[in-house]
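Please read the structure below before turning to the comments.
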Amino acid sequence: MAVKGLFWNWIPALVLFLIPASQAAAQSRPIKIAYSAVSAGIGTIWLTHEEGLFKKHGLDSSLIYIRGGTTAAQALLAGEIQFGHLSPAPMMTAWIQGADIVWLGTTIHSMVFTLLTEPAITKGSDLKGKKIGITRLGSASDLAARLALEHLGLTSRDVTMIAMGGIPDILAGLRAGAVQGGILSPPTSTAGRDLGFRPLVFIPDLGKEYTFAGITAKRGYVLANSEIVKAFMAALTEGAKIFKEDSRTSLKVLKKYMRTDDRTLAAGYKEYTGTITSPPYPSLKGLEAVRESLIETTPSLKQADLRKFIDDRFVKPR
């Protein structure tokens with residue numbers, strides 16, 4: 001009888017031990033998240049992962065670096081990843097061409113670019129007849145250059161826009177004298193300042209809303225896994241708030257992924273932190289600005305209803 005009593009005394013403890021384990025197993029839902037750039041602008045997703053916020057919401061997150069938004073879109077459509085922290089331009093282009101893609105949230109709501117010029121250029125009129133480096137025609141950097149020129153009282157007809165490929169190529173062009181101004185983003189803009197080039201216009205100061213980056217997924221996946229998507233966006237919302245408010249934690253995370261000096265990290269964080277969307281609500285206005293920059297290369301976007309590109313059920317606006 002004593003043995004039997006001892007057995008029944010162990011039952012409650014055994015149940016208490018097994019329940020949390022079974023719950024943890026049920027809640028540990030694996031997700032793969034891609035990002036396509038290594039910059040402070042990716043900080044919210046890195047921080048959310050590193051600080052265990054996905055885990056807090058029952059998700060087992062893995063981060064994957066995929067160079068290039070188009071390649072990341074292909075991985076998304078192939079089911080190799082579940083979420084992407086990406087630029088909206090390639091996603092929107094793929095969507096209008098029939099891809100099963102949806103935009104879930106905006107993490108950066110402004111173009112984080114600076115117009116840097118030769119030191120002798122101190123005002124708009126000094127740029128007349130000069131060459132300005134951008135990545136390519138119709139890109140976000142092209143639109144940023146036009147906004148900067150408008151702010152300076154000029155138009156694109158007053159200068160020559162030179163498509164140079166990548167942001168580092170623009171800085172190289174400035175150093176070689178091939179262009180007299182260029183649109184740069186962190187950390188290259190910080191390097192440009194260190195070389196003595198003048199920051200003539202910081203684009204976020206112009207107040208133009210433009211979706212620079214955000215979260216995307218396959219629509220089919222979202223429809224079939226709404227609880228996972230809800231948990232993902234809840235975790236990201238917490239991460240975005242921490243990234244904006246806790247510089248110490250944010251810089252620690254940025255250092256791990258970017259592996260650069262503290263000064264460059266701090267400068268990049270400072271430029272991006274004012275443009276972080278918290279909570280990461282998907283702005284229609286910001287995506288319309290993206291469309292504006294794409295119409296020349298993708299005319300079919302002109303009449304598209306971008307509300308069909310967005311699923312805003314998972315984030316409440318501020």
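For a quick check: sort 263, 136, 248 by the number of other beta carbons within 10 angstrom, fewest at the front.
Details: 263 11, 136 14, 248 6.
Final ranking by Cβ density, sparse to dense: 248, 263, 136.
DSSP beta bridges confined to the chain are antiparallel in about 50 percent of cases. When +1 charges are put on Lys and Arg Cβ atoms and -1 charges on Asp and Glu Cβ atoms, the dipole computed for the chain relative to its Cα centre reaches about 260 debye.
Considering only 249, 117, 44, the Gaussian network model of the chain with Cα springs below 10 Å gives its largest mean-square fluctuation to 249. Rounded to the nearest 20 debye, the dipole magnitude of the stretch 114-206 is 160 debye, with +1 charges on Lys and Arg beta carbons, -1 on Asp and Glu beta carbons, and the Cα centre as origin. Remark: 64, 81, 121 ranked as 64, 121, 81, counting other beta-carbon atoms within 10 Å and listing the fewest first.
Candidates 127, 137, 171 compared by Cα position along the dipole of the stretch 114-206: farthest toward the positive end lies 127, with charges placed on Cβ. Partner lysines whose Cα lies under 18 Å from the Cα of residue 252, excluding those fewer than 8 positions away in the same chain, are identified as 241, 244, 270. Here, the stretch 114-206 is characterised by an Rg to Rh ratio of 0.90, where Rg is the alpha-carbon radius of gyration and Rh the Kirkwood radius. Note on 189, 156: ascending count of other Cβ atoms within 10 Å places them as 156, 189, the fewest first.
Quick one: which of 230/308; 255/316; 32/218 span more than 21 angstrom between C-alpha atoms?
Working: 230/308 19 Å; 255/316 31 Å; 32/218 13 Å.
Pairs exceeding 21 Å: 255/316.
Can you give the relative contact order of the chain as a percent, counting alpha carbon pairs under 8 Å and 6+ residues apart? 26 percent.
Would you mind calculating the gained length between residue 318 and residue 160 on full extension (0.36 nm times residue separation, minus the Cα-Cα distance), in nm to one decimal? Walk me through the intermediate numbers first.
Working: separation 158, 0.36 × 158 = 56.88 nm, distance 4.10 nm.
Between residue 318 and residue 160, full extension yields an extra 52.8 nm.
Gyration tensor over the Cα atoms of the stretch 60-112: the corresponding equivalent ellipsoid has semi-axes (square roots of 5 times the eigenvalues, largest first) of 17, 16, 11 Å.
For n ≥ 4 DSSP H runs only, could you compute -39500 (n - 2.57) per run for the chain, divide by its residues and tell me the 222 nm figure to the nearest 500? Each step should come with its number before you reach the end.
Working: 13 runs with 146 residues, N = 318.
Taken over the chain, the calculation gives -14000 deg cm²/dmol.
Considering only the Cα atoms of the chain, their convex hull presents on average a projected area of 19.6 nm².
Pulled fully out, how much extra length does the chain show between residue 70 and residue 130, if you take 0.36 nm times their separation in residues and subtract their Cα-Cα distance? Display every interim value, and only then the final one.
Values: separation 60, 0.36 × 60 = 21.60 nm, distance 3.25 nm.
Using 0.36 nm per residue and subtracting the Cα-Cα distance, I get 18.4 nm.
Only Cα pairs under 8 Å and 6+ residues apart enter the sum, and on that basis the relative contact order of the stretch 114-206 stands at 48 percent. Cut-off 10 angstrom, C-alpha nodes, Gaussian network model of the chain. Which of 89, 99, 144 fluctuates the most? Residue with maximal mean-square fluctuation among 89, 99, 144: 99.
In the chain, the longest principal axis of the Cα atoms and the axis of helix 247-258 are about 80 degrees apart. Seen against the Cα atoms of the chain and their longest principal axis, helix 226-245 is set at about 60 degrees. Mean-square fluctuations from a GNM of the chain, with a 10 angstrom spring cutoff on Cα atoms, peak among 70, 216, 107 at 70.
Coordinate-derived values only; no laboratory data. Small disclaimer: the values here were computed from a predicted structure and weren't measured. With ideal geometry, Cβ positions are generated from the backbone for all residues, glycine too; neighbour counts draw on all protein chains shown.
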